[in-house]
1. State all residues of the stretch 192-227 that are of a type outside the set (S, T, N, Q), closer than 18 Å to Arg166 by Cα and in a helix (DSSP H, G or I); if no residue qualifies, say none.
2. Suppose we filter Asp41, Asp89, Asp19, Asp35 for residues that are surrounded by fewer than 18 Cβ atoms within 10 Å (Cβ to Cβ), more than 22 Å from His133 (Cβ to Cβ), in contact with a helix residue (DSSP H, G or I) (Cβ under 9 Å, 6 or more places away or on another chain) and not assigned by TED's automatic domain parsing to the domain that holds Gly193; which single one remains?
3. Among the numbered conditions (1) of a type outside the set (S, T, N, Q); (2) surrounded by fewer than 15 Cβ atoms within 10 Å (Cβ to Cβ); (3) outside the structural domain of Asp48 (by TED's automatic domain parsing), tell me where Lys144 comes up short.
4. What are the pairs, 6+ residues apart or on separate chains, where a residue within the stretch 88-105 that is assigned to a loop (DSSP other than H, G, I, E, B) has its Cβ under 6 Å from a residue that is of a type in the set (Val, Ile, Thr) and buried (at least 18 other Cβ atoms within 10 Å of the Cβ)?
5. Out of the residues in the stretch 145-157 that are out of contact with any Asp or Glu (no Cβ under 8 Å at 6 or more places or on another chain) and either among the β-branched types (Val, Ile, Thr) or not in a loop (DSSP other than H, G, I, E, B) (or both), state the one that is farthest from Leu230 (Cα to Cα).
6. Looking at (1) farther than 18 Å from Ile40 by Cα; (2) among the hydrophobic types (A, V, I, L, M, F, W, C); (3) assigned to a helix (DSSP H, G or I); (4) modelled with pLDDT under 95, which one does Val108 not meet, given that it meets all the others?
7. Filter the stretch 118-131 for residues that are out of contact with any Pro (no Cβ under 7 Å at 6 or more places or on another chain) and within 28 Å of Ala200 (Cα to Cα) and give the result.
8. Just give me the residues in the stretch 187-221 being over 18 Å from the mean Cα position of the chain (by Cα) and either assigned by TED's automatic domain parsing to the domain that holds Gly96 or surrounded by 14 or more Cβ atoms within 10 Å (Cβ to Cβ) (or both), in sequence order.
Amino acid sequence: MWELAGDVSSYTPPYTTTDIQLLNASTHPLSAVRDLGVTIDCRLTMADHVTAVCRTGYFWQRQLRSIVQSLTSEAVDSLVHAFISCRLDCNALWYGIADGQLQRLQSVQNAAARLVTGTRRTDNITPVLQSLHWLPVRQRVTFKLATLVLKCLNGRAPGYLADDFRLAGRGGPGSRSAVSMMLDIPRTTTSLGDRAFAVAGPRVWNSLPPAICDPSLSPSIFGKLLKTYLFV
């Protein structure tokens, strides 16, 4: 997640296309760079990374489709997870990106689900995803962020993440903040600032039902409750 602030729609790179001299070396600015396997563009739209994920996902689907008849359903499921689904799991990075980009990722997941189940393209994909217990991409983003927040609140996350969270002021009797672990949401003035983990995490956490917003829950129970809620 981002620790930056700025307006995605109006952001422009703070450099020119001329080379930058660093001691005796000359460095040429790029519009996109790759870091820890993630392609980050200069506007932080994640469009380049989404394109790379979709391209790789469809490539492996074509490869698997040619041998799927020779494999067991368990083998197909394992291969799809290993080569396709895992590439959709940098979920926190997808928070706040354009709906069109999310839909591209969702199309990859839908195609993968059809490959595993043998479902036709004309069939409704929602029950297929539910039968596989696969959350749609948008809900996967919520699940990942909420899980990270839980780790921050119960001391299982690094300090540089956990230090971003503060409990909101307690409300009066009967108010939600009086009976649950509501978090302060930092104020921001830009759409890029809204995507920072310090902002997105509390916003997602506070949107969950009070029964789920309990840091004392074990990760497994929290995950089950959250997944059930997101499937509804």
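1. Passing the criteria: Gly193, Asp194, Arg195, Phe197, Ala198, Val199, Ala200, Gly201, Pro202, Arg203, Val204, Trp205.
2. Testing whether each residue is surrounded by fewer than 18 Cβ atoms within 10 Å (Cβ to Cβ), more than 22 Å from His133 (Cβ to Cβ), in contact with a helix residue (DSSP H, G or I) (Cβ under 9 Å, 6 or more places away or on another chain) and not assigned by TED's automatic domain parsing to the domain that holds Gly193 leaves just Asp41.
3. (2)
4. Tyr95/Val141
5. Among residues in the stretch 145-157 that are out of contact with any Asp or Glu (no Cβ under 8 Å at 6 or more places or on another chain) and either among the β-branched types (Val, Ile, Thr) or not in a loop (DSSP other than H, G, I, E, B) (or both), the one farthest from Leu230 (Cα to Cα) is Leu153.
6. So the condition that Val108 fails would be (4).
7. Matches in the stretch 118-131: Thr126, Gln130.
8. Of everything in the stretch 187-221, those that are over 18 Å from the mean Cα position of the chain (by Cα) and either assigned by TED's automatic domain parsing to the domain that holds Gly96 or surrounded by 14 or more Cβ atoms within 10 Å (Cβ to Cβ) (or both) turn out to be Thr188, Thr190, Ile212, Cys213, Asp214, Pro215, Leu217.
The values are calculated or read from the model by the stated rules, or taken from the named source; none is laboratory data. Computed from a predicted model, the values in this text were never measured in an experiment. Methodologically, a virtual Cβ is constructed for each residue, glycine included, from the backbone with ideal geometry; neighbour enumeration extends over all protein chains shown.
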